[in-house]
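Chemist: Here it is, the structure in full.
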Amino acid sequence: AQSVTQPDIHITVSEGASLELRCNYSYGATPYLFWYVQSPGQGLQLLLKYFSGDTLVQGIKGFEAEFKRSQSSFNLRKPSVHWSDAAEYFCAVGPGSSNTGKLIFGQGTTLQVKP
Amino acid sequence: DTAVSQTPKYLVTQMGNDKSIKCEQNLGHDTMYWYKQDSKKFLKIMFSYNNKELIINETVPNRFSPKSPDKAHLNLHINSLELGDSAVYFCASSQSQFSYEQYFGPGTRLTVT
């Protein structure tokens, strides 16, 4: 069965420091991969997505993610974190073009930013 | 303009009651979804409709009944509410049933006492 694991439940970084949030997936074929961000009391906003092609994808708010097939990973990175990045981050996988748009989400990583 | 809106934002009710949550999208999308986010923030899909037709129906108690009067609206009715139904319910939409790029509403926090 498809699954998504975000190994870090909670991460704290200092403002201005770099950030990497980990995401590992289990899926038989090439998945569609997503990162969403949920600010407190808000819905989820799509940060970036990977369908095919270049394995390094750029997203909004200065985020990027790299798809590594050999490691079944899709880690999210940002070179310099801002206080406004404090939020919940969700990695998600889509089962593939033959299925309906069902997304499977990881359990989320809470990012705290220290001043 | 809000792309995906939900009402109400907060809902507090007692066990055994029946309640509804409404969702509307103005993106012109064909497909809409209901997700449940539990207290541990785990997000799981419940239902999906494509052009008013049910296409995803996960293992959800039949006390939950979605209804899509048109492709811009997807409502969720819950009968005989239980304590375990307390959660945040998110509506989302996508351009088609094969599109995984989903746009989420702000959520409805349901508290059952």
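Chemist: Across peptide B:96-106, what mean number of C-beta atoms from other chains lies inside 10 Å of a residue's C-beta? Walk me through the numbers on the way to the answer.
Modeler: On the way: counts 2, 4, 7, 4, 18, 8, 8, 4, 7, 3, 4.
Average neighbour count from other chains, rounded to a whole number: 6.
Chemist: Something else now. Charges on Cβ only, +1 for Lys and Arg, -1 for Asp and Glu, centred on the Cα centroid of the protein assembly as shown; of B:GLY105, A:GLY28, B:ASN26, which one is farthest towards the dipole's positive end?
Modeler: Farthest towards the positive pole: A:GLY28.
Chemist: Quick one: what are the phi-derived ³J(HN,Hα) couplings along the stretch B:45-53, Karplus 6.51/-1.76/1.60 with θ = phi - 60°, whole Hz, x for glycine and proline?
Modeler: In residue order, the calculated couplings are 6, 10, 9, 9, 10, 10, 6, 6, 10 Hz.
Chemist: On to the next question. Quick check: from the Cα gyration tensor, does chain B come out rounded (a/c under 1.5), prolate or oblate?
Modeler: Details: a/c = 1.75, a/b = 1.61, b/c = 1.08.
In terms of gyration-tensor shape, prolate.
Chemist: If you don't mind, another one. Quick one: check the C-alpha center-to-center distance for the stretch B:3-76 versus the stretch A:1-33, whole angstrom.
Modeler: 27
Chemist: Using θ = phi - 60° and the Karplus form 6.51 cos²θ - 1.76 cosθ + 1.60, what ³J(HN,Hα) does each residue of the stretch B:75-86 get, whole Hz, x for Gly and Pro?
Modeler: Residue by residue, the stretch B:75-86 yields 10, 10, 9, 10, 9, 6, 4, 10, 4, x, 7, 4 Hz.
Chemist: Can you list the residues, at least 5 places off or on another chain, whose amide H is less than 5 Å from the amide H of A:GLY108, using H built in the peptide plane?
Modeler: Hits under the 5 Å cutoff: A:GLN6, A:CYS91.
Chemist: Using a/c under 1.5 as the rounded threshold, could you call the stretch B:24-66 rounded, prolate or oblate? The axes a ≥ b ≥ c are square roots of the C-alpha gyration tensor eigenvalues, and prolate needs a/b larger than b/c, oblate otherwise. Let's see the in-between values first.
Modeler: Details: a/c = 2.56, a/b = 1.44, b/c = 1.78.
Verdict is oblate for the stretch B:24-66.
Chemist: Let me ask something additional. Among the lysines, select those whose C-alpha is under 28 Å from the C-alpha of A:LYS61, and discard any that sit fewer than 8 residues away in the same chain.
Modeler: Straight-line reach from A:LYS61, under 28 Å: A:LYS49, A:LYS78, A:LYS102, A:LYS114, B:LYS9, B:LYS36, B:LYS40, B:LYS41, B:LYS44.
Chemist: How big is chain A by Rg and Dmax over its Cα atoms, in Å?
Modeler: Both quantities, over Cα of chain A: 13.6, 46 Å.
Chemist: Return the FRET efficiency for the residue pair B:ARG63, B:GLN95: r is the Cβ-Cβ distance, R0 is 30 Å, and the value is rounded to the nearest 0.05. Working shown, then result.
Modeler: Values: r = 31 Å, r/R0 = 1.02.
With a Förster radius of 30 Å, E is 0.45.
Chemist: Past the 14 angstrom mark, what percentage of all C-alpha to C-alpha distances in the stretch B:65-106 do you count?
Modeler: Numbers: 526 of 861 pairs.
The answer is 61 percent, as a whole percent.
Chemist: Using only the Cα atoms of the protein assembly as shown, build the gyration tensor, take square roots of its eigenvalues as a ≥ b ≥ c, and label the shape rounded, prolate or oblate: rounded if a/c is under 1.5, else prolate if a/b is larger than b/c, else oblate. Don't jump to the answer; show the numbers that get you there.
Modeler: Working: a/c = 1.87, a/b = 1.42, b/c = 1.32.
Here the protein assembly as shown falls in the prolate category.
Chemist: Among the aspartates and glutamates, which fall within straight-line cross-link reach of B:LYS19, defined as a Cα-Cα distance under 15 Å, with same-chain neighbours fewer than 8 residues apart omitted?
Modeler: Excluding near neighbours in sequence, the set is B:GLU82, B:ASP85.
Chemist: Quote the FRET efficiency, to the nearest 0.05, computed for B:SER39 versus A:THR30 with a Förster distance R0 of 35 Å and r equal to the Cβ-Cβ distance. Don't skip to the end; give the middle numbers.
Modeler: Values: r = 34 Å, r/R0 = 0.96.
About 0.55, to the nearest 0.05.
Chemist: What is the set of long-range amide H partners of B:SER86 at a cut-off below 5 Å, with H atoms built 1.01 Å from backbone N?
Modeler: It is B:VAL112, by chain and number.
Chemist: If you don't mind, another one. Can you list the HN-Hα couplings for the stretch A:82-93, worked out from phi with the Karplus curve (6.51, -1.76, 1.60; θ = phi - 60°), rounded to whole Hz and with x for Gly and Pro?
Modeler: 10, 4, 6, 7, 4, 4, 9, 10, 10, 9, 9, 10
Chemist: Over the stretch B:11-113, what is the relative contact order in percent, taking alpha-carbon pairs closer than 8 angstrom and at least six residues apart?
Modeler: Details: 243 pairs, mean separation 37.5, N = 103.
Contact order relative to length: 36 percent.
Each value in this text was obtained by applying a stated rule to the coordinates, not by laboratory testing. Bear in mind the structure is a predicted one, so any value in this text is a computation, not a measurement. We place every Cβ from the backbone using ideal geometry, glycine too, and count neighbours over all the protein chains shown.
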